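For reference, the structure is listed below as structure tokens.
The values are calculated or read from the model by the stated rules, or taken from the named source; none is laboratory data. All figures in this text were calculated on a predicted structure; none of them were measured in a lab. Neighbour counts are summed over all protein chains in view; Cβ atoms, including those assigned to glycine, are modelled from backbone coordinates with ideal geometry.
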Amino acid sequence: MPPMNRRDILLCAALAVLLAALALVSLVTGQAGLTPAAALSALFDGQGPAGIIVREIRLPRTVLAIGIGATLGLSGAALQGLLRNPLAEPALFGAPQAAAAATSLVIAFGLAPVTSFIAPLAGIAGALLSVGGLILIAGRRASLTITLLAGLALASFAGAMTALILNLAPNPFIALEVAFWLLGSLEDRSTDHLIIALPFFLVSWLMLMLGAKAYRALSLGEEAAISLGVNIPLTRLLVVAGVAIGVGAAVAVSGAIGFVGLVAPHLVRRAVGSDPARVLLPAALTGAVLLIAADIAVRLVPAAIELKIGVVTALIGVPFFLRMIFSERRILEGSAR
């Protein structure tokens, strides 16, 4: 990770303070109302019903929201730096779709409930299998275009497999549960999910951060990056594997949560500029802020069943994505004149 200047440090500090404040709000938000003082007391002493609510229900959910949001934000920033494309996001390589298909398989056919250890492991295995297939199909020295086409093919195949699994599920009620799970949610997540996902998040963050200098060099073009000593095949492998491990674990424990990896880097880029290396850490913090804020919002919306967090991120992300597309189109049309 390159050294940060004073402006970057202040931005990261502000985001960290905002994230800590939102984490406290998350601990007090829910059907059982708690004051901030009561939530903090229950967090540290763990006594009584309040201790069970905070430590066993809200704390894992809060930490998962932070971990998943950071993973998605960092993955989006790394992919945009690698591909030099502001529209890049984790779904490009098919890892989320493969993770969803693998987890759907074990849930729909009764091999494991959605809250068990097996479901997250299946999602991680599916994401890693997707990356392995991508490397085999495209080859380690393939161009980015070939890599993207291979990822698109794998994503389409994984989506079709998920639909097939839902059609063949022996129990229609389980198929309905899987369909709701695919919408993305942190409801009823436990410490078990946190324990199994967190190590994969840490590995993913390390792999994606290792390429910071390479992303900066790639902003000058592949030929310039090679002349500066960047090992492009190795960088590509690190990013694809890092995204697969992190996003696979995230999808396995929360279902599909889209657009955080697209939105977070762009919000940060307005403050730090276009240097891909400077975007990484603030994008991770911004992703965590966005997701924990969305998770708090779904708990505040009055509804018979809790609103799915994937629905909220999509409602916010799709207009943002369309705005970006129109902006890119205007730039291209202006340069063509």
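For region 12-37, what are the residues that are closer than 24 Å to ALA303 by Cβ, of a type in the set (S, T, N, Q) and in a loop (DSSP other than H, G, I, E, B)? Of everything in region 12-37, those that are closer than 24 Å to ALA303 by Cβ, of a type in the set (S, T, N, Q) and in a loop (DSSP other than H, G, I, E, B) turn out to be THR29, GLN31. Can we say ALA101 is in contact (Cβ under 8 Å) with a residue 40 or more places away in the chain, farther than 12 Å from ALA249 by Cβ and of a type in the set (Gly, Ala, Ser)? Criteria met by ALA101. Filtered by the rule that a residue be within 15 Å of the chain's Cα centre (by Cα) and either within 30 Å of LEU234 (Cα to Cα) or among the small types (Gly, Ala, Ser) (or both), region 168-193 gives GLY184, SER185.
Where residues in region 215-225 are in contact (Cβ under 8 Å) with a residue 24 or more places away in the chain and under 16 Å from LEU238 (Cβ atoms), which of them is nearest to the chain's Cα centre (by Cα)? Among those that are in contact (Cβ under 8 Å) with a residue 24 or more places away in the chain and under 16 Å from LEU238 (Cβ atoms), it is TYR215. The residue that is surrounded by the fewest Cβ atoms within 10 Å (Cβ to Cβ), counting only those in region 90-111 that are aliphatic (A, V, I, L, M), closer than 24 Å to ALA264 by Cβ and at pLDDT 85 or above, is ALA100. Within the set LEU72, LEU82, LEU87, the sole residue that is surrounded by fewer than 23 Cβ atoms within 10 Å (Cβ to Cβ) and touching a helix residue (DSSP H, G or I) at 6+ places or on another chain (Cβ under 7 Å) turns out to be LEU87.
Checked against the criterion of being surrounded by fewer than 17 Cβ atoms within 10 Å (Cβ to Cβ), modelled with pLDDT of 90 or more and part of a helix (DSSP H, G or I), region 175-190 has no qualifying residue.
So PRO86 fits all but one of (1) assigned to a helix (DSSP H, G or I); (2) touching a Pro at 6+ places or on another chain (Cβ under 9 Å); (3) not acidic (Asp, Glu); what number is the exception? With respect to (1) assigned to a helix (DSSP H, G or I); (2) touching a Pro at 6+ places or on another chain (Cβ under 9 Å); (3) not acidic (Asp, Glu), PRO86 is out only on (1). Among the residues of region 1-19, those that are surrounded by 16 or more Cβ atoms within 10 Å (Cβ to Cβ) and either modelled with pLDDT of 90 or more or small (Gly, Ala, Ser) (or both) comprise LEU11, CYS12, LEU15, LEU18, LEU19.
What helices (runs of 4 or more DSSP H), lying completely within region 227-337, carry at least 2 residues that are closer than 25 Å to LEU208 by Cα and at pLDDT 90 or above? It comes to 232-254, 260-272, 276-300. Scanning region 1-56 for residues that are of a type in the set (Gly, Ala, Ser) and under 24 Å from LEU290 (Cβ atoms) gives ALA13, ALA14, ALA16, ALA20, ALA21, ALA23, SER26, GLY30, ALA39. Go through region 238-271 and give me each residue that's surrounded by 22 or more Cβ atoms within 10 Å (Cβ to Cβ) and under 21 Å from ALA217 (Cα atoms). Within region 238-271, VAL239, VAL240, ALA241, GLY242, VAL243, PRO265, VAL268 meet the criteria. Return yes or no: is LEU72 under 16 Å from GLY184 (Cβ atoms), at pLDDT 80 or above and among the aliphatic types (A, V, I, L, M)? So LEU72 fits the description; yes.
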